[in-house]
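S.K.: To start, I am sharing the structure in question, which I have written as structure tokens.
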Amino acid sequence: MSDVSTNPVMASGAGEGQGADDVVAHTAHGRSTARPTGDGPLARTAHRPFGFDAARRLRTLTGVDEELLDRVRYERSKYTALGGVVLGTSVIAAFSMWNFAIEALGRVSLLAVVPTGIWMLFVLNLDRWLVTPQPNARRRVGPLLMRLLIALMLGAVIAEPLVLRIFQTAIEERVADERTDEIDQLRANLVRCNPVPSTMRAVTPEGCERTYVLSFSKTPGERAEELATLRSDAAALQKRVDRDSTRLESIDSEVRGECRRLIRMASTGLYQRTSECLRLREKARDYRTTHRTDENEQRLARMNSRISTIETKQTASRGAFLKARADGVERRLEEEHAKQKEIGVLERMRALEQLATGNPVLFVGIWLVRLLFILLDILPVLVKYLSGESAYDRMLTTASNSGVKVHDAEVRLTEYRVMADIEIAQDAIEQEVRRHRAESEAALREHTAAMNIRVRQAVNALEDEIRRQSTV
């Protein structure tokens, strides 16, 4: 027969519709069942077993035992509020994961709901485990520190996406500027590392990696050497032609000056050129013949015509090369633009760090926001373990210690029962062995006695036969 004791609890309140105090009945095993009486709130709840009790659902998130909590009803509000904190932390974690998933996918998608829900349930259950009352918790510092460390690390993970979300505008502007600078730098490197070649063998400028060097089917340097040779020869020939022309012009000037003079022949009375004029004309003819002035001028004209033709082709080839280089540069820039799709999480974190570097005000602001979210995420553990030991915790410790003792006693009792059953079985076996041994010994004695009787009977019969034969 169980020993039942009753303890009065706080009344549900005075006023219309409220009845007498509830009575809590305690069984011998430490369990309790609330038996609401009268017309109080518990009585109304009992009439609606399938109703939704929001406060009870919130307390479920703290891992408390409602039957044990019934004995200290004044602490229900504390654990209800703690359950609200746990639920709020999980909602913040869900919002953080939603932002992280959207940034990872690059767009708003229903696929983000899956990791958001999983993360929310994980954080909810983890926080529930962290704040669940533990017996003898004040005596164990190690588990407490471990739970605080887990909560701190979890808070840091949850806080980072929220910080990135708050500073999203500045981060995106910073990343856009960096990408623009990268594109401009890439364009400058491509142009610098692919100059217009002036020779057949193009030399790559210093500091140009292979990634910056473009390939071309034709380059303007194919006829550059020929053009350079023609220009050199034409320049030398031009000097020679100019020198010969100057000398020939001097001789022709002397010829013109001398040949203006006419002398009268005494024999004929006619005027004629002087002998010096004839000599200078012959000298001019000889100079043209020996220095080949006409041939050199024609050769120079042909060389200049050839240079002009090659220069025209070079200009066209240079334009084609510049166009091909521009097309190649644009292709590379388009490839780079294709790589720069959406802004990733790591890129956002790097941009946020760069923004904070060299800006103390922004640095302090970022860390204040980050620490705020970390504090919000570890708030359930702080509220639980910094609020002091409550009556429920002491009752839980007592009930746990009592349960351990009862369990130990039950284990020992079970052990005693098993050992007693084993001893009884051993005694039964020993008695059975003794009984079988006694029966075996009795059977042996009976057999021995029967054999003795038969021997004696045989001996007597033999004696009688011997006597009968001797009488005859």
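The values are calculated or read from the model by the stated rules, or taken from the named source; none is laboratory data. Computed from a predicted structure; not experimentally measured. No Cβ is skipped: glycine too gets one built from the backbone with ideal geometry, and neighbour counts run over all protein chains shown.
S.K.: Quick test of your reading of the structure: F100 fulfils all but one of (1) within 18 Å of the chain's Cα centre (by Cα); (2) surrounded by fewer than 18 Cβ atoms within 10 Å (Cβ to Cβ); (3) in a helix (DSSP H, G or I); (4) touching a residue at least 24 places away in the same chain (Cβ under 8 Å). Name the failing condition by number.
M.R.: (2)
S.K.: For the stretch 43-66, how many residues are in a helix (DSSP H, G or I) and modelled with pLDDT of 85 or more? I'd like the intermediate steps shown before the answer.
M.R.: First, pick out the residues of the stretch 43-66 that are in a helix (DSSP H, G or I): 43-47, 54-60, 66.
With the extra rule that they be modelled with pLDDT of 85 or more, the set shrinks to 54-60, 66.
The total comes to 8.
S.K.: Restrict the check to the stretch 349-356 and report whether at least one residue is within 27 Å of the chain's Cα centre (by Cα), of a type in the set (S, T, N, Q) and at pLDDT 80 or above.
M.R.: Just the residues of the stretch 349-356 that are within 27 Å of the chain's Cα centre (by Cα), to begin with: 349-356.
Restricting the remaining residues to those that are of a type in the set (S, T, N, Q) gives 354.
Next, from what is left, pick out any that are at pLDDT 80 or above: 354.
Scanning the stretch 349-356 turns up at least one residue that is within 27 Å of the chain's Cα centre (by Cα), of a type in the set (S, T, N, Q) and at pLDDT 80 or above.
S.K.: So, one more: Working carefully through the options E258, E276, E222, E226, find the one that is among the charged types (D, E, K, R), in the same structural domain as R325 (by TED's automatic domain parsing), at pLDDT below 65 and surrounded by 11 or more Cβ atoms within 10 Å (Cβ to Cβ). Don't jump to the end; show me each part of the working.
M.R.: Numbers: E258 fails: at pLDDT below 65; E276 fails: at pLDDT below 65; E226 fails: at pLDDT below 65.
Selected residue: E222, the only one of E258, E276, E222, E226 that is among the charged types (D, E, K, R), in the same structural domain as R325 (by TED's automatic domain parsing), at pLDDT below 65 and surrounded by 11 or more Cβ atoms within 10 Å (Cβ to Cβ).
S.K.: Give the residue that is farthest from R165 (Cα to Cα), with candidates limited to residues of the stretch 350-399 that are among the basic types (K, R) and buried (at least 17 other Cβ atoms within 10 Å of the Cβ).
M.R.: Restricting to residues being among the basic types (K, R) and buried (at least 17 other Cβ atoms within 10 Å of the Cβ), the top hit is K384.
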